[in-house]
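The values are calculated or read from the model by the stated rules, or taken from the named source; none is laboratory data. These figures come from a predicted structure and were not determined experimentally. Note that we place each Cβ from the backbone using ideal geometry, even for glycine, and neighbour counts take in every protein chain shown.
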Amino acid sequence: MNKVGTYDVIDTRTYIVPAEESVCFSVDAMGWEVNINVVFEPTAAVHGLRVEPRQDHARIVFSKWESSLGTATLLPVELGIHSNGRKLYFMATHYSIGVEPKNATIKFDIQFLMGAEA
């Protein structure tokens, strides 16, 4: 099993995303299929990250993440709770490659983690 500290690493993904596109995928979180939609808002007024629960998926929005040197979550971000009581988290890195944010290509890495046994 792969671990980061006390967390079990259940999936890691890398995407190269053209300007103004989003990413959709599913993660098998120990038998729980979690549908994810990642959206980038490079021209937003404020740098931030938010998770928006939807009926059939989680929407993760990265606002004003535009550094060519990279930006990352500093701690795991909670995404949900498995039926077994364990919390599902993610960590992400984001690199903006291009001249201006709204025309940049994005290199995006996301890692999914399960918290300790409930």
| Can S63 be described as at negative phi and either within 10 Å of the chain's Cα centre (by Cα) or without any contact (Cβ under 8 Å) to a residue 40 or more places away in the chain (or both)? | yes
| Looking at the range 41-48, is at least one residue at pLDDT below 95, assigned to a strand (DSSP E or B) and surrounded by 14 or more Cβ atoms within 10 Å (Cβ to Cβ)? | yes
| remark: If we keep only residues of the range 78-118 that are surrounded by fewer than 16 Cβ atoms within 10 Å (Cβ to Cβ), in a strand (DSSP E or B) and among the hydrophobic types (A, V, I, L, M, F, W, C), then the residue farthest from the chain's Cα centre (by Cα) is I97
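Conditions tested, residue by residue: (1) farther than 25 Å from Y7 by Cβ; (2) in contact (Cβ under 8 Å) with a residue 40 or more places away in the chain.
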position	(1), (2)
S26	no, no
V38	no, yes
D56	yes, no
I110	no, yes
| message | With surrounded by 12 or more Cβ atoms within 10 Å (Cβ to Cβ) and at pLDDT below 95 as the only criterion, which of K3, K64 stands out? | response | K64
| request: From K102, K87, grab the single residue that is modelled with pLDDT of 95 or more and of a type in the set (K, R). | output: K87
